[in-house]
Amino acid sequence: ELLDGNFGNDGGGGGNDRRRQRQVPDSYSYASSFNPTPGRKLHSLTPGGYGPVSPDSPGSLDSAKDSKGRKLHNRLYSALSSAFRWGGCSAHEMRREEGPDGRYYRDDFNDESWTCAPGTTEENGVWMNTNDQAGTIMAFMVWFLLGYSAVTVTMLAETGGIPPSLSFAYAALTCLALSCHSKTTFTDPGAVPQSAVPSESLRREEPDRTLSMCSQCQTFKPPFSHHCRICNRCVSRMDHHCPWMNNCIGAGNLKHFILFLLYTWTCSASSLLLLGWNYFFCADEECEFTPVLIQLVRVMTVLCVGAFLFTSSMIMNVSYGLLTGIGTIDRLKKKATGTTMESTEEPIPLKHVFGIAGYHTWLFPIDPVFPDFDRVMGYSTPQRLLREQMKENPNAPGGDYAPSVISKGSYQPGSEGPGSYSGLV
């Protein structure tokens with residue numbers, strides 16, 4: 001957030017944002033040697049700050065806080081916050097560049113349906129594939145197998161074969177894997193709506209690209225998107241339809257799918273190590289196996305070997321797609337036509353998968369914040385284009401907007417969807 005000569009804090013400081021801001025007097029003694037020029041915009045401090053300082057002065061933040069006699073826990077909090085921001089584990093940079101004068105603006109408007117009906121159409125408010133019974137059974141099998149492994153490791157810890165701390169760590173990894181599986185299953189993979197239009201960035205960068213339409217959806221088909229006959233939707237940057245997830249893997253849930261593979265691979269590798277630990281170091285009289293536990297361990301060993309090999313191959317497959325920009329479906333098509341070496345696709349940036357909300361969000365099943373949603377998805381919508389132009393020109397009359405968007409007079413808040421607008425300009 002930027003303040004123009006105001007004395008106050010930014011909105012991320014909990015109770016600090018309720019303090020009344022007041023005008024900085026001319027006789028105000030700045031904490032640093034920075035002498036602001038009239039009309040120059042100053043950065044507001046992070047939570048707990050005390051006033052305007054030079055954004056170019058690296059030591060001015062600490063000196064300003066120390067000179068005001070701050071408490072020890074506040075100084076420690078500020079030091080840790082600065083360390084996290086320096087390491088990228090913070091959304092500070094993203095928030096600082098938001099707003100009218102920044103590079104980003106946050107579009108929090110919900111264009112999706114508010115109904116609680118599960119399905120994959122635009123009228124369904126809960127994304128869930130209900131058309132594939134085999135995929136539903138396979139998705140439940142993932143939960144059963146991961147739960148089975150967690151119970152087996154817990155029973156090994158009760159017998160003294162492995163330390164309880166390792167059993168607890170394995171249970172935590174299992175919970176993360178199941179959380180990522182749920183996010184992958186119930187997250188819209190990037191279904192293209194009926195109102196989709198080509199994005200402006202695509203038109204500027206590739207003006208000669210031929211635009212295509214989906215013969216099934218009868219709508220605009222973004223680059224690298226494919227129509228899934230199971231979900232019955234076109235999916236942006238679709239990689240494949242995964243029966244274990246009972247969902248397509250696309251631009252919207254690729255992060256959760258990658259995390260699921262990594263956590264499942266880690267669970268498989270750690271299970272084999274724990275079973276080896278149990279076999280070689282469980283040699284005293286107190287460490288006894290029951291007949292049931294012996295059979296559970298044998299079955300789990302076979303499952304872990306299979307899961308380890310399968311997830312390793314899938315991680316290599318996804319890594320190849322990120323490095324080359326070619327998804328699984330596109331790679332198979334190019335291989336069939338012998339045009340693999342003629343590919344012109346570019347690698348997919350990690351920020352287009354994990355977002356820009358900070359590195360601390362990369363390891364958890366949190367929806368990513370993309371730097372340019374239209375660019376990542378490959379399409380835009382008239383509603384979003386209208387909101388963007390209204391943010392840029394809030395006082396402009398309806399006739400000043402581009403012909404590709406809807407006028408202000410025809411915009412009806414709360415009635416998003418096809419046919420909700422009376423006409424185009």
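Note on region 297-318: residues that are of a type in the set (A, V, I, L, M) and under 12 Å from Leu145 (Cβ atoms) amount to 5.
When region 372-409 is filtered for residues that are open to solvent by less than 30 Å² (accessible area, probe 1.4 Å), assigned to a loop (DSSP other than H, G, I, E, B), in contact with a Phe, Trp or Tyr (Cβ under 9 Å, 6 or more places away or on another chain) and modelled with pLDDT under 85, the ones remaining, listed by number, are Ile406, Ser407. Kindly check whether there is at least one residue in region 305-316 that is surrounded by fewer than 17 Cβ atoms within 10 Å (Cβ to Cβ), at pLDDT below 85 and β-branched (Val, Ile, Thr). No, region 305-316 contains no residue that is surrounded by fewer than 17 Cβ atoms within 10 Å (Cβ to Cβ), at pLDDT below 85 and β-branched (Val, Ile, Thr).
The set of residues in region 187-205 being in contact (Cβ under 8 Å) with a residue 12 or more places away in the chain and open to solvent by 50 Å² or more (accessible area, probe 1.4 Å) consists of Asp188, Gln194, Pro198, Glu200.
Note on region 180-194: residues that are farther than 11 Å from Asn247 by Cβ, polar (S, T, N, Q) and in contact with a helix residue (DSSP H, G or I) (Cβ under 6 Å, 6 or more places away or on another chain) total 0.
When Asn110 is tested against (1) closer than 29 Å to Val369 by Cα; (2) in contact with a strand residue (DSSP E or B) (Cβ under 9 Å, 6 or more places away or on another chain), only condition (2) is not met. Out of all the residues in region 319-349, which are open to solvent by 80 Å² or more (accessible area, probe 1.4 Å) and in a helix (DSSP H, G or I)? Listed by number, the residues that qualify are Tyr320, Leu323, Leu332, Lys333, Lys335, Ala336, Thr337, Met341, Glu342. Just the residues that are open to solvent by 10 Å² or more (accessible area, probe 1.4 Å) and over 20 Å from Arg375 (Cβ atoms), please, taken from region 215-241. Scanning region 215-241 gives Ser215, Gln216, Cys217, Gln218, His227, Arg229, Ile230, Asn232, Arg233, His240, His241. When residues of region 181-235 are filtered for being under 19 Å from Thr344 (Cβ atoms) and under 20 Å from the mean Cα position of the chain (by Cα), how many remain? Looking only at that region, the number is 2. For Leu254, the requirement of being open to solvent by 10 Å² or more (accessible area, probe 1.4 Å), under 26 Å from the mean Cα position of the chain (by Cα) and closer than 17 Å to Val353 by Cβ is met.
Go through region 276-302 and count every residue that is part of a loop (DSSP other than H, G, I, E, B) and modelled with pLDDT of 70 or more.
Step one: filter region 276-302 for residues part of a loop (DSSP other than H, G, I, E, B), giving 282-290.
Okay, now just the ones that are also modelled with pLDDT of 70 or more, so 290.
Within region 276-302, residues that are part of a loop (DSSP other than H, G, I, E, B) and modelled with pLDDT of 70 or more number 1.
For residues that are outside any helix (DSSP H, G or I) and surrounded by 21 or more Cβ atoms within 10 Å (Cβ to Cβ), scanning just region 153-186, find the one that is modelled with the highest pLDDT. Applying the filter and picking the extreme gives Ile162.
The values are calculated or read from the model by the stated rules, or taken from the named source; none is laboratory data. What you are looking at is a predicted structure, and each value in this text was computed from that prediction instead of being measured. Here Cβ is always computed from backbone atoms with ideal geometry, including for glycine, and neighbour counts include all displayed protein chains. Surface accessibility is based on the protein's heavy atoms, side chains included, excluding ligands, DNA and RNA. Shrake-Rupley method; radii C 1.70, N 1.55, O 1.52, S 1.80 Å.
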